[in-house]
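Reading through the structure tokens given below for one structure.
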Amino acid sequence: MKKKVIIIGAGFAGLNAAKQLSKYKEIDVTIIDKKNHHLFQPLLYQVATAGLNESDIAYPIRSIFRKQKNVTVYKDTVENIDFKEKVVITKSKRLYYDYLIIAAGAEENYFGNTEWKKFAPTLKTLKDAQILRNKILNAFEMAEKATSDQEMKKYLTFIVIGGGPTGVELAGAIGEMTRITLAKDFRNIDPRLSRILLIEAGKRILPSFDENLTSKAVKDLESLGVQVWTNSLVTEITDDSIKIGNEQIEAATVIWAAGIKANSLSSIIPSEKDKMGRVFTANDLSLKNFPEVFVCGDLAHFIQNGEPLPGIAPVAMQQGKHVAKQIINDLKNKKREEFVYFDKGQLATIGKSKAIAEIRNLKLSGFLAWITWIFVHILYLTGFKNRIFVTLQWAWSYITFKKGARLIIDDEK
Ligand SMILES: Cc1cc2nc3c(=O)[nH]c(=O)nc-3n(C[C@H](O)[C@H](O)[C@H](O)COP(=O)(O)OP(=O)(O)OC[C@H]3O[C@@H](n4cnc5c(N)ncnc54)[C@H](O)[C@@H]3O)c2cc1C
């Protein structure tokens, strides 16, 4: 009898597990994802700021496994899991498994202030990116029609909350839009006068990077007109302002990039969790009392050298491959292995030709770091056509200083 492996989530972890397992004909793989596409989240900010199109960074899961007859894909949402009976319960099906890989990722975290979500949208899905793109582009349209200076100022103030890589990338890209891309497109306003604030509660932005690289990133952001406010805790968000201590700042566009927590499926997983809801696993990424169940990617809390691994794509990819290998080890009666993360370094981009990179002891900034960033992102983008389109689009926007996808879609709603 063929072994049945169910994978929940075709993100970086689930996709890599499925690619490994699909090579074994004695295994039946079922992928369940609520979306029909694998999404390259590191480039979402480019869609949100009109640099790339949706289809450039997303690829249908079904197409990826077109040739693998032992892989079945269901677009469905997992609602429950019966760990004793080994059954996954989706909105429309009950599916039995021999092995289960839970790779459902993370979701936004407003730290209990859920009412902020409607005023300060976040960036996690393609839909989020569309909403942000509409919001950012509409702000310029509204400013062009404004009837007072105060109104115009409000529309030309953009606030990004959260100084991690996503916040930095978004703020830098908005800076570039205002200073370069849209600079000459309007008649009543000067987009170059836009105010862009990057707000961070901690004492510095990009805390996982070397301090000198953070300083370089701050300078690069400032050169694009972004003001970086550190030690600034946001205490209130309304539809047209935020509050930091006693200071109220009016802004039509506020973006939340300040935190994530584990996917809500975490609550049904019988294991200890950290305060973000991430699941503690055994050394091989399986669950302590359920060796046939693995948790990996952003949903897992895995400690290496005394520190939990960060929620980033390379960790998820390596963990996905690792759990697939453990299932194959079981089938070959081989011993399971401990997961060990190989850290290849970290990158963040600030704008055209500006980035920082930390690759072991090598610390890069400026153009060289940016080229490294481009190379890495193209390399890991799924789908041959996507890679060509994205490379061409970047080359085009590099030469012409133009951004392609500046469309406001579905505005009427
Ligand atoms: C805006 C942004 C920028 C980022 N930039 C970087 C970066 O530059 N570098 C980097 O290394 N990392 C970056 N990350 C983090 C990186 O994307 C994540 O670490 C990575 O995606 C985690 O992979 P995963 O497989 O665990 O989860 P995901 O990739 O999030 O995949 C989870 C999958 O599970 C599916 N799913 C969830 N719940 C269910 C359910 N109940 N039923 C069915 N399917 C479900 C989802 O649809 C999704 O496809 C970024 C993340 C974001 C949001």
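The values are calculated or read from the model by the stated rules, or taken from the named source; none is laboratory data. Keep in mind it's a predicted model, so treat the numbers as computed, not measured. Cβ sites come from the backbone with ideal geometry, for glycine too, and all protein chains shown count toward neighbours. Quick note on the areas: whole protein, heavy atoms, side chains included, nothing else; ligands and nucleic acids left out. Shrake-Rupley method; radii C 1.70, N 1.55, O 1.52, S 1.80 Å.
Charge tally for Met1 (other residues, Cβ to Cβ under 12 Å; Lys, Arg +1; Asp, Glu -1): 0. Just going by the charge dipole of the range 258-299, with Lys and Arg at +1 and Asp and Glu at -1 on Cβ, which of Ser266, Gly297, Leu285 is farthest out on the positive end? Of Ser266, Gly297, Leu285, it is Ser266. Between Leu100, Leu182, Leu39, the residue with the greatest mean-square fluctuation in the GNM of the chain (Cα pairs under 10 Å linked by springs) is Leu182.
Please give the per residue accessible area of the chain, computed with a probe of 1.4 Å over protein heavy atoms only, in Å². Let's see the in-between values first.
Working: 20050 Å² over 413 residues.
Roughly 49 Å² per residue, with all protein chains present.
Just the C-alpha atoms of the range 295-411: what Rg/Rh do they give, with Rh taken as the Kirkwood radius?
Looking at the range 295-411, the ratio lands at 1.09.
Estimated from helical segments only, the mean residue ellipticity of the chain at 222 nm is -9500 deg cm²/dmol, where each DSSP H run of four or more residues counts as -39500 (n - 2.57).
The residue among Pro165, Leu100, Asn231 whose Cα reaches farthest toward the positive pole of the charge dipole of the range 99-241, with charges on the beta-carbon of Lys, Arg, Asp and Glu, is Pro165.
Filter the trypsin sites (Lys or Arg not before Pro) in the range 194-261 down to the DSSP loop ones having no more than 11 other Cβ atoms within 10 Å, then list what survives.
Numbers: sites: Arg195, Lys203, Arg204, Lys216, Lys219, Lys243, Lys261; in loops: Lys203, Arg204.
Of the trypsin sites (Lys or Arg not before Pro), the ones in loops of the range 194-261 whose Cβ has at most 11 other Cβ atoms within 10 Å are Lys203.
Please grab the % of Cα pairs in the range 209-269 that end up more than 16 Å from each other. Each step should come with its number before you reach the end.
Numbers: 1190 of 1830 pairs.
Taking all Cα-Cα pairs of the range 209-269, the fraction more than 16 Å apart is 65 percent.
For Arg278, the residues whose amide H sits under 5 Å from its own are Ala262, ignoring neighbours fewer than 5 places away on the same chain, with H placed 1.01 Å from N. Dividing the mean sequence gap of close Cα pairs (under 8 Å, 6+ apart) by how many residues the chain holds gives a relative contact order of 19 percent. Comparing Val88, Val295, Val226 in a Gaussian network model of the chain, where Cα atoms under 10 Å apart are tied by springs, the biggest mean-square fluctuation is seen for Val88.
Between Ile399 and Ile303, what FRET efficiency comes out of the Förster formula 1/(1 + (r/R0)^6) with R0 = 56 Å and r the beta carbon distance, rounded to 0.05?
Details: r = 46 Å, r/R0 = 0.83.
The formula returns an efficiency of 0.75 here.
Applied to the range 181-187, the Karplus parametrisation 6.51 cos²θ - 1.76 cosθ + 1.60 on θ = phi - 60° returns per-residue 3J(HN,Hα) values of 4, 9, 3, 10, 8, 10, 10 Hz, with x for Gly and Pro. Near Thr122, the amide H atoms lying under 5 Å from its own belong to Trp256; only residues 5 or more places off or on other chains count, and H is placed 1.01 Å from N. Backbone geometry of the range 279-285 corresponds, through the Karplus equation with coefficients 6.51, -1.76 and 1.60 at θ = phi - 60°, to 3J(HN,Hα) couplings of 8, 6, 10, 6, 4, 9, 6 Hz, x marking Gly and Pro. On alpha carbon coordinates alone, what is the Rg over Rh value for the chain, Rh being the Kirkwood radius? With Rg and the Kirkwood Rh in hand, the quotient comes to 0.99. Figure legend: label point modelled 7 angstrom from the Cα of Glu115 along Cα→Cβ; residues of the range 227-263 with amide N under 19 Å from it are 234-251, 254-256.
Looking only at Cα atoms, what is the convex hull volume of the range 1-133 per residue, in Å³? Display every interim value, and only then the final one.
Details: hull volume 16.0 nm³, N = 133.
Convex hull of Cα atoms, per residue: 120 Å³.
When the listed pairs Lys23/Lys344; Lys34/Lys91; Lys4/Lys93; Lys3/Lys325 are checked against a 18 Å cut-off, the alpha-carbon distance exceeds it for Lys23/Lys344. Of the DSSP H helices in the chain, those that are both long (alpha-carbon extent of 15 Å or more along the helix axis) and hydrophobic (Kyte-Doolittle mean at least 0.0) are 165-176, 366-380, 384-400.
Using only side-chain charges placed at the Cβ, +1 for Lys and Arg and -1 for Asp and Glu, the dipole size of the chain relative to its Cα centre rounds to 1660 debye.
Please work out how many pairs of lysine residues in the range 129-209 are eight or more positions apart (or on different chains) and have Cα atoms closer than 21 angstrom. The result is 9.
Taking Ile199, Ile249, Ile189 as the candidate residues, the one with maximal mean-square fluctuation in a Gaussian network model of the chain, Cα springs under 10 Å, is Ile249.
One equal scatterer on each Cα of the range 1-73, no solvent, Debye formula: the resulting log10 I(q)/I(0) at q = 0.24, 0.25 Å⁻¹ is -1.02, -1.07. Which one, Ile32, Ala324, Ser22, is farthest towards the positive end of the dipole of the chain when Lys and Arg carry +1 and Asp and Glu -1 on their Cβ? It is Ser22.
In order along the range 38-49, the Karplus-derived 3J(HN,Hα) couplings, from 6.51 cos²θ - 1.76 cosθ + 1.60 at θ = phi - 60°, round to 7, 10, 8, 4, x, 9, 4, 4, 5, 6, 5, 10 Hz, and Gly and Pro are given as x. Placing +1 on the Cβ of every Lys and Arg and -1 on the Cβ of every Asp and Glu, with nothing else charged, gives the range 58-203 a dipole about its Cα centre of roughly 540 debye.
Relative to the Cα centre, what is the charge dipole magnitude of the range 257-413, using +1 at the beta carbon of each Lys and Arg, -1 at the beta carbon of each Asp and Glu, and rounding to the nearest 20 debye?
500 debye
For the range 134-286, the convex hull spanned by the alpha carbon atoms encloses 151 Å³ per residue. For Tyr341, neighbours were defined as the other residues whose beta-carbon sits under 12 Å from its Cβ, and their charges (Lys and Arg +1, Asp and Glu -1) total -1.
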